[in-house]
1. Does Asp154 satisfy the condition of being under 20 Å from Cys3 (Cβ atoms), modelled with pLDDT of 95 or more, assigned to a helix (DSSP H, G or I) and of a type in the set (D, E, K, R)?
2. Is there any pair linking a residue in the stretch 59-88 that is under 21 Å from Gly165 (Cα atoms) to one that is buried (at least 18 other Cβ atoms within 10 Å of the Cβ) and small (Gly, Ala, Ser), with Cβ under 7 Å and at least six apart or on different chains, and which?
3. If Leu91 satisfies every condition in (1) surrounded by 19 or more Cβ atoms within 10 Å (Cβ to Cβ); (2) at pLDDT below 95; (3) over 14 Å from the mean Cα position of the chain (by Cα) but one, which is the exception?
4. Quick check: anything in the stretch 194-213 crowded, with 19+ Cβ neighbours inside 10 Å, closer than 16 Å to Lys119 by Cα and either modelled with pLDDT of 95 or more or in contact with a Pro (Cβ under 9 Å, 6 or more places away or on another chain) (or both)?
5. Yes or no: the stretch 106-126 includes at least one residue that is modelled with pLDDT under 95 and either in contact with a Pro (Cβ under 8 Å, 6 or more places away or on another chain) or of a type in the set (Asp, Glu) (or both).
6. Filter the stretch 134-166 down to the residues that are of a type outside the set (A, V, I, L, M) and over 24 Å from Ile76 (Cβ atoms) and list them by number.
7. Which residue out of Arg177, Arg211 is out of contact with any His (no Cβ under 8 Å at 6 or more places or on another chain) and either in contact (Cβ under 8 Å) with a residue 12 or more places away in the chain or more than 30 Å from Gly105 (Cβ to Cβ) (or both)?
8. If Thr72 passes every condition in (1) within 21 Å of His146 (Cα to Cα); (2) in contact with a strand residue (DSSP E or B) (Cβ under 8 Å, 6 or more places away or on another chain); (3) surrounded by fewer than 20 Cβ atoms within 10 Å (Cβ to Cβ) but one, which one does it miss?
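The values are calculated or read from the model by the stated rules, or taken from the named source; none is laboratory data. Predicted, not measured: the structure shown is a model, and the values here were computed from it. In this analysis, Cβ positions are derived from the backbone assuming ideal geometry, glycine residues included, and neighbour counts consider all displayed protein chains.
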Amino acid sequence: MTCTWNSAATLADTLASVRAQTCQAHEHIFVDAGSHDATLDLLAAYPGNKHVLRDVKGGIGRAMNAGIAAATGDYIAHLHSDDYYADPSVLAVVRRCVEQVGAAGRPPAWVFGNIRVLKDGRLLPQNAMRPYSYHSFAAGRAWIPHPAVFVRRDVFTRVGMFDEGLRYAMDIDLWLRLGAVFRPAMLDRVLTVFRDHAGSVSSSNRVAARREEFAVRRRHAGKAPLAFGIYCLRYLKRMHALQHRHEEKQT
């Protein structure tokens, strides 16, 4: 699924990365918020199994939920118009993981891998993936990058959809709900490239994003109180650093 809004400058990379996949057994749902650039023209010319939802207003959470409601596939991934798959084997690798885990029992409720960040035209070195546990994620030690997450569609009926009242941390809220019920399958490889630029919602509003993340994690603190305490210490340190950088820019 790809959410778009005046995304013509970056959408071509997203589309090309999906078209290049060796595994083509997928549907591509586009949720557009009312673009008035060339975005809709690009989508109209895009071949393949696609479904375009137009004029879906109300924020990214509502857009993602609309896409989930329209989906018919077994697994859902959010590859937004800033991002692209790292290589042509990504969907095949995820499918193989699902099949291997399913052969040993029930198919995984969710699968996630790593990302690389593209900033100022340069791919940054990838961050190492830490072993996952619910407590490590709740403490802010483990990291789950949204562009590299695949969620089994039927799981949303169990844990709920994205919270449309959130602007920045709706993915963290969902991972905390998911992780409390289902352990993910982890792929220690880069699946997606995330484009970090001034227009990125979380990148351009880091302080507000951190504050909302704190509020979200506080909601779930009762499931792992010690882990939340550890996160609080990390939060204070990071907010101090953000405030310091902000003050330096002002001088």
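1. Working: under 20 Å from Cys3 (Cβ atoms): no; modelled with pLDDT of 95 or more: yes; assigned to a helix (DSSP H, G or I): yes; of a type in the set (D, E, K, R): yes.
No, not satisfied.
2. Partner pairs satisfying both residue conditions: Ala63/Ala33.
3. The one condition Leu91 does not meet is (2).
4. Looking for residues that are crowded, with 19+ Cβ neighbours inside 10 Å, closer than 16 Å to Lys119 by Cα and either modelled with pLDDT of 95 or more or in contact with a Pro (Cβ under 9 Å, 6 or more places away or on another chain) (or both), one finds at least one in the stretch 194-213, hence yes.
5. Yes, the stretch 106-126 has at least one match.
6. The first filter runs over the stretch 134-166 and keeps only residues of a type outside the set (A, V, I, L, M), leaving 134-137, 140-141, 143, 145-147, 150, 152-154, 156-158, 160, 162-165.
Result: His135, Ser136, Gly140, Arg141.
7. It is Arg211.
8. Unmet for Thr72, out of (1) within 21 Å of His146 (Cα to Cα); (2) in contact with a strand residue (DSSP E or B) (Cβ under 8 Å, 6 or more places away or on another chain); (3) surrounded by fewer than 20 Cβ atoms within 10 Å (Cβ to Cβ): (2).
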